[in-house]
Amino acid sequence: MRRALAGGFNASSTVSSTRYQPTAATIASMTAPRLLDVELRCTWCGDHFVYSAGEQELRVLRGVAHEPRVCPTCRKRLGRS
Ligand SMILES: [Zn+2]
């Protein structure tokens, strides 16, 4: 029981504490950025929303590096000026 728990903890901590190690795939994606849709959680309503590859590309073009913290609905609600 205890051993199983420790094993599970070790396994998960190994994954979460893994340092960023660029793999061949990562390096390839850095040289030729291929964006993927990611699911983010809105800090306002707590809903999950898709941060699409197209939107990411737009943000990169605008020089916005960080991910959006609110979903499109809340963004509209905030009346982003
Ligand atoms: Zn929201």
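No value in this document is a laboratory result; all are computed from the given coordinates. This is a predicted model, so every value here is computed, not measured. Cβ: placed from backbone, ideal geometry, glycine included. Neighbour counts: every protein chain shown.
A simple count of charges around Arg69, restricted to other residues whose Cβ falls under 10 Å of its Cβ and scoring Lys, Arg +1 and Asp, Glu -1, yields +1. For the peptides 42-50, 68-76, the ranking by packing is 68-76, 42-50, with the highest mean count of neighbouring Cβ atoms within 10 Å listed first.
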